[in-house]
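Asker: Just passing along the structure, written as structure tokens.
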Ligand SMILES: Nc1ncnc2c1ncn2[C@@H]1O[C@H](COP(=O)(O)OP(=O)(O)OP(=O)(O)O)[C@@H](O)[C@H]1O
Ligand SMILES: [Mg+2]
């Protein structure tokens, strides 16, 4: 075996493999260069999703001809004046983007420094093929065509123009959010898709994210130990099936960092279903010495000196903001409904006050009523059945009103001072049980209900293995279990908050939950997850007939419980139809 030095062209092509994966990554490098050059206006033109042409023009500092030649050489950069890579503030610093792109495409640079003439250099797959004078305003214009035309291995991985365009648009949006002070335009196949004037970050973000976020968004601004987090996130009820609307920035650099994405996810844990995703634009500012940006060839990941401080700030900051907004569930507009069902502002005001003095808990009410409740009757068994209470009480002053009846043994109908409230009894109770378990756990006093005769549950062996491995955590939540044989588990006690429950079904769900939680979650996060699964089991099912006392107890407990506006899966637990809206329905307004 003989060792030899690789020729520069091959070195560049290898580097291109890391830096340039698809048109969007080449576009990202060009726009970053334009921003680093101090541009006030960046104009992007694409054909066929960038597969045919990518053009980026800026009004930045420009380059003299000799600098242009140097820029195309590997490891040539103007961005580390004092070689302090720890304090780099520019997007670029590796000095390899241009030569890499030039090695796998046809590239033309035109550039002009203010006060001198313009110059043009053309490169074909790494080889200079021409240069000469160029007419252009001060700044730089770069065109890339035929990306990967001569690299079949790469070409194969490119997708349709449509999806390459989607990736390019995402890239432009991210950089435009990072630098709201710069004007951007984007043109695709001759059509203008974006025109952004210079503005402040919140306005820029609002322009680029779903407009619905004005109504369904929560502003973030928190600071701790020199770390600052600002931005906007969606209410849990306003979520998406894909995580494509999460824009994260560290010191104004767009990143797709796992730690940050994980922290965002953790903040919504048990507020949103596992397969749904929040919308977010979050800007994290940290001192330079706290973060290393030189860990990823495309610079989309960073490394923090103290990852847990960053994670803590994000999870706690977002969680607090969501809690403050927790009773505002995103009301859905139903296409056929002539009015919007909205949550009430008066309710929000009640949230921050002390528990109502006469508030009875759900458990107390159940015991007092001494009811044997009909479990598990389906929605349809009850379809037209509704019970109503005569409206004897004086004008109700509770935010969620006084229960007037139950519809289809699933929904509680209540009369409030300012409108009609409908509560999904299962969703609401599930949230209450979860919050109660969480409070008990934080107070270190999980009430457990011991079984007189321990119950043996038969399960598949891997399920038993998983439950056994999590026995300590589960014990902390009041669920005491031990291995009883290869395929059985012995349960000694379970959380008292659950009431009567199907232990075998609970264990099966928990074991599935533990597989999903295999990843790098903190113990606390795992416990929250487990608590949510347990809570779902302990909740009043839809189809259960409730007495008026029980319904009122549920309403009163909701009023004093944090996050009771949405269930553990992010759906609203209640909606309100205001008097004004009722009047509109009947044409009285
Ligand atoms: N649009 C532009 N306007 C002015 N100068 C530019 C422009 N694009 C590139 N340059 C110059 O060319 C040099 C090389 O660019 P290149 O993108 O290859 O490397 P870099 O930006 O320094 O580092 P990185 O590889 O991390 O992006 C830059 O350092 C800069 O001096
Ligand atoms: Mg660069």
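Asker: Using 1/(1 + (r/R0)^6) with R0 = 35 angstrom and r between the beta carbons of residue 273 and residue 490, what's the FRET efficiency to the nearest 0.05?
Answerer: The value I calculate is 0.65.
Asker: Give me the one-decimal nm value for the distance between modelled label points at residue 505 and residue 66, 7 Å along each residue's Cα-to-Cβ direction.
Answerer: 8.0
Asker: Quick one: compute the contact order of region 18-120, relative version, from alpha carbon pairs under 8 angstrom and 6+ residues apart, as a percent.
Answerer: 26
Asker: Calculated FRET efficiency, residue 261 and residue 469, Cβ-Cβ r, R0 25 Å, to nearest 0.05? The partial results should precede the final answer.
Answerer: Details: r = 26 Å, r/R0 = 1.06.
After rounding to 0.05, the efficiency reads 0.40.
Asker: Could I ask something else about it? So what's the gap between the Cα centers of region 71-141 and region 434-487, to the nearest angstrom?
Answerer: 62
Asker: Given a Förster radius of 56 Å and the C-beta distance between residue 76 and residue 323 as r, what FRET efficiency does 1/(1 + (r/R0)^6) yield to the nearest 0.05?
Answerer: 0.65
Asker: Something else now. Can you give the extra length, in nm with one decimal, that the chain gains between residue 451 and residue 195 once fully stretched, where that is 0.36 nm per residue apart less the Cα-Cα distance?
Answerer: Values: separation 256, 0.36 × 256 = 92.16 nm, distance 6.67 nm.
Extra length available between residue 451 and residue 195 comes to 85.5 nm.
Asker: At 7 Å along the Cα-to-beta-carbon direction for both residue 14 and residue 545, put a label point, then send me their distance in nm to one decimal.
Answerer: Result: 7.8 nm between the two label points.
Asker: Show log10 I(q)/I(0) for region 212-271 at q = 0.13, 0.15 Å⁻¹, two decimals, from a solvent-free Debye sum over equal Cα scatterers.
Answerer: Each listed q corresponds, in turn, to -0.37, -0.50.
Asker: Continuing with this model, one more query. Evaluate the distance, in nm, between pseudo-label points positioned 7 Å from the Cα of residue 295 and of residue 240 along their respective Cα→Cβ axes.
Answerer: 2.5
Asker: Determine the relative contact order of region 30-74: mean sequence separation of Cα pairs under 8 Å and six or more apart, normalised by residue count, in whole percent.
Answerer: 36
Asker: Can you bin region 170-215 into rounded, prolate or oblate? Criterion: square roots of the alpha carbon gyration tensor eigenvalues sorted a ≥ b ≥ c, rounded for a/c under 1.5, prolate for a/b above b/c, oblate for the rest.
Answerer: Judged from the Cα gyration tensor, region 170-215 comes out oblate (a/c at least 1.5, b/c at or above a/b).
Asker: Please state the shape class of region 175-312: rounded when a/c is under 1.5, otherwise prolate if a/b exceeds b/c and oblate if not, all from the C-alpha gyration tensor.
Answerer: oblate
We did not get these values from a lab; they are worked out from the coordinates using the rules stated. It should be emphasised that the depicted structure is a prediction, and the values quoted were computed from it without experimental measurement. Neighbour counts are summed over all protein chains in view; Cβ atoms, including those assigned to glycine, are modelled from backbone coordinates with ideal geometry.
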